[in-house]
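*Asks:* A single structure is presented below for examination.
Each value in this text was obtained by applying a stated rule to the coordinates, not by laboratory testing. Just so we're clear, the structure is a prediction, and the values are computed from it rather than from any experiment. Positions of Cβ are backbone-derived with ideal geometry, glycine not excepted, and every protein chain shown enters the neighbour counts.
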Amino acid sequence: MRTEPQAAPYRPDPAILPLADWLGDPVAAADFPETRLRYRNDRWDRAVGLDSLDNDAWIAHFGRFAALPDNLPQPLALRYHGHQFRVYNPEIGDGRGFLFAQMRDSAGRLLDLGTKGSGQTPWSRSGDGRLTLKGAVREILATEMLEALGVYTSKTFSVIETGEQLERGDEPSPTRSAVLVRLSHGHVRFGTFQRLLALEQRDEMAQLVDYCLASFPGTEPPAGAPGRDEPAVRLLHQVVERMADLAASWMVAGFVHGVLNTDNMNVSGESFDYGPWRWLPRWDQSFTAAYFDHGGLYAFGRQPEAVHWNCGQLAVALRLLADAPPLIAALERFGPLYMAAVARRWCWRLGVTPRGQEPDMALVAACENAMRTSGEAPDRFFHRARAGRIDDQAVSEALAGYDPAELERQWWQQEEPVSLLIDEVETIWSAIAGRDDWHPFEQKIDAIRQLGQALGEPPRPSGHAG
């Protein structure tokens, strides 16, 4: 069984305030014509001591953005640059969101509450700073499904419908609006470091490195690693380890993020910022999620490459503080760490005890080949495999040497797997858009959470913040 989030008292800790003058801009939320609570995360609100808020107080804080007690006095729209489809853009930042609050959980870890769709900021450019209700519903579904499949992801904390009619070019308009609050261990993007490099702000870069090391504790670099005592080098080692595991978790989940720009990469190692995501309908390395990704830069099979490339851009930024050789040594760990993460996560999803990287990767290869040959959806394949209903000879032979993990298999005997393909998402949204019927959405959330419980606790690299 999976461990539920542990209850904790409300412990405010706006640790980012010493960096605030150069890290972001104070902003105010939009004054929405309506605030109608649509989703409240009843698993994670207690992890930060906010489960005692009644719905009126919840809306006051997460729809009107009244400051939480002893927390950030004003929301902070963060500044950053970024490579967008490998083209550097210095004109970006939090254009429809802000950092709202920080607090500690039961383990003492620093957690952030950030927004999406909360109104215009100095970084909105021509945007309206809003979020569609459909986009909010999609993000709830994505984060719930990713969490169930063991991916270290931001959690959708709150969604409030805001009563505006939005015009969008990629969905029928006018469409309904919402403001979303996400819970995560941090909102420090790779692009934040890139901005400090571009501005040659060495002192600020050193402060940010220290903040990240304190806020997102991780493992120390391997013994003998060059420059392992330098803060910037330590941070890059930790980020590379987290990001290798994140890339592996997406691949084993059959998930395509869609937009892996450096401003969408978080040094905490969390998956976040969900736009045109998809789950694979079949095992296809060339499958893309974003209709505008014409060259397939962020196709399913290229995600590890994209994440590694982004880590390289973080390393370039950290050259402001450290020499190249120790940073390169940290980057070179990505490949082996990624392969090890794929092996342990693949075994976890199959429900077997790992045997060691080489036999585990042979099992991975057999399963991938079976899915490619049959065209079967990955969710269905893993569901059948975990229930012991595999009919592929090569996979059966590869599994023969494995011991089942200590798992309850009864749940897996049901015929249908839990999936989240685009047609299912559209059906859920159609019920909301057409009849304001939230029952299919609620049923899907229940099914996804049951899947997470059945899968059990996911494997994590040592020192992982998740």
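*Asks:* Using the scaling law 2.2 N^0.38 Å as the reference, what is the normalised Cα Rg of the range 280-387?
*Replies:* 1.31
*Asks:* Can you report the principal axis dimensions of the range 124-204 using only the alpha carbons, biggest first, rounded to whole angstrom?
*Replies:* 45, 37, 20
*Asks:* I've got another one for you. Run a plain Debye calculation on the range 212-335 (Cα atoms as equal point scatterers, no solvent) and give log10 I(q)/I(0) at q = 0.23 Å⁻¹, rounded to two decimals, same order as the q list.
*Replies:* Computed log10 I(q)/I(0) values: -1.26.
*Asks:* I would also like to ask the following. Please give the contour-minus-distance gain from ASP170 to GLU332: 0.36 nm per residue of separation, less the Cα-Cα distance, rounded to one decimal in nm.
*Replies:* 54.4 nm
*Asks:* Pull out the extension gain between ALA60 and ALA394, defined as 0.36 nm times the separation in residues minus the alpha carbon to alpha carbon distance; nm, one decimal.
*Replies:* Value of the extension gain: 114.5 nm.
*Asks:* Right, another one. What's the FRET efficiency of GLN84 with GLN414 using the Cβ-Cβ distance as r and R₀ = 41 Å, to the nearest 0.05?
*Replies:* 0.45
*Asks:* Also: Using amide H atoms built 1.01 Å from N in the peptide plane, name the residues 5+ places from GLU164, or on other chains, whose amide H lies under 5 Å from its own.
*Replies:* Under 5 Å from the amide H of GLU164 lie the amide H atoms of SER177, each far enough along the sequence or on another chain.
*Asks:* Using mean Cβ contacts within 10 Å as the protection proxy, how do 354-361, 365-372, 98-105 order, highest first?
*Replies:* 98-105, 365-372, 354-361
*Asks:* For MET361 and TRP438, calculate 0.36 nm times their separation in residues minus their Cα-Cα distance, and state this gained length in nm to one decimal. If you can, show how the numbers build up before the last one.
*Replies:* Numbers: separation 77, 0.36 × 77 = 27.72 nm, distance 4.17 nm.
Full extension from MET361 to TRP438 adds 23.5 nm.
*Asks:* Taking only the alpha carbons of the range 17-190, what extent do you get along each of the three principal axes, in Å, biggest first?
*Replies:* Reported extents, whole Å, longest axis first: 40, 36, 35.
*Asks:* Further, regarding this structure: What share of Cα pairs, in percent, lie more than 20 angstrom apart in the range 1-73?
*Replies:* 44
*Asks:* By Kyte-Doolittle mean hydropathy of at least 0.0 and Cα axial length of at least 15 Å, which whole DSSP H helices of the chain are selected?
*Replies:* Result, helices passing both filters: 133-148, 231-253, 303-318, 334-350, 422-435.
*Asks:* Convex hull over the Cα atoms of the range 175-248, averaged projected area in nm²?
*Replies:* Over every viewing direction, the Cα hull of the range 175-248 projects on average to 7.8 nm².
*Asks:* Still on this structure: Give the residues of the range 48-73 whose amide nitrogen is closer than 17 Å to a point set 7 Å from the Cα of GLU4 in the direction of its Cβ.
*Replies:* Residues 48-53 fall inside that zone.
*Asks:* Equivalent-ellipsoid semi-axes (√(5λ), Cα gyration tensor) for the range 273-341, whole Å, largest first?
*Replies:* For the range 273-341, the ellipsoid semi-axes come out as 29, 15, 9 Å.
*Asks:* Can you give me the Rg/Rh ratio for the chain, using Cα atoms for both radii and the Kirkwood formula for Rh?
*Replies:* 0.95
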